[in-house]
1. What Rg and what Dmax come out for the range 95-144 when only alpha-carbon atoms are used, in angstroms?
2. Rounded to the nearest 500, what is the 222 nm mean residue ellipticity of the chain from helices alone, with -39500 (n - 2.57) per DSSP H run of 4+ residues and division by all residues?
3. Tally Lys/Arg at +1 and Asp/Glu at -1 over every other residue whose Cβ is under 15 Å from the Cβ of Ile126; what's the total?
4. Could you compute the net charge surrounding Thr26? Neighbours are other residues with a C-beta less than 15 Å from the C-beta of Thr26; K and R count +1, D and E count -1.
5. Express in % the proportion of alpha carbon pairs of the chain at distances exceeding 19 Å.
6. Please compute the modelled spin-label separation between Lys3 and Asp20, points set 7 Å along Cα→Cβ, answer in nm with one decimal.
7. Can you tell me which of 7-15, 35-43 comes out highest on packing, and rank the rest after it, using the mean Cβ neighbours within 10 Å?
8. Assuming R0 = 45 Å, what is the FRET efficiency of Asn42 and Gln157, from their Cβ-Cβ distance, to the nearest 0.05?
Amino acid sequence: WFKLYYPLEYYATFFTIRGDSFDLKTMISGSEAILKTLNEFNELRKSQELNNRDQNIVENLELTLEMINRGYKLSNIDIYRSMAREFIVDKENNQIIPPFIVISGLGEGTAESVVEARKDGEFLSIEDLVDRTRLNASNIENLKELGALEGLPESNQISLFEFGDW
């Protein structure tokens, strides 16, 4: 019933409950990337049994593909809108927004630190983000790889040469 009448809420709830074993990079890359990864898992199944984590990843990829085929999408991490643990519904853009904990190696405490820090205003740079949260170098690299930090400068320092001719 919920899947039919409240699909975004259904998917957000399902993924929140299944709060581990995500391949977010593939999940946000579209149908082709998801199908390619599912085919890789199917090939792997021919030679060995999938472990629980891989089985959960496959299930989450299949559900993401279903969601996409129904006209919905999974957005990328948003440092200003993502929650620590829960997927949230973005009806305006017909999508759900993943929480920080779906990022490999990023725990609940660190995720909560980002949510708390953003209450004090926008992040000026990646350096400011690191200073105000418990994110480590590995977390930052994962966020960069996902493209979640695009537009955020590395440092708080401003170069005089960025402003053109005087």
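Taken together, the values in this text are just the output of simple stated rules run on the coordinates, not laboratory data. Just so we're clear, the structure is a prediction, and the values are computed from it rather than from any experiment. Because the Cβ atoms are built from the backbone with ideal geometry, glycine has one as well, and the counts that use them run over all protein chains shown.
1. 10.6, 31
2. -14500 deg cm²/dmol
3. Around Ile126, the charge tally is -4.
4. -4
5. 60
6. Using points 7 Å along Cα→Cβ, the separation is 2.4 nm.
7. Going from most to least packed, we get 7-15, 35-43.
8. Once rounded, the FRET efficiency stands at 0.35.
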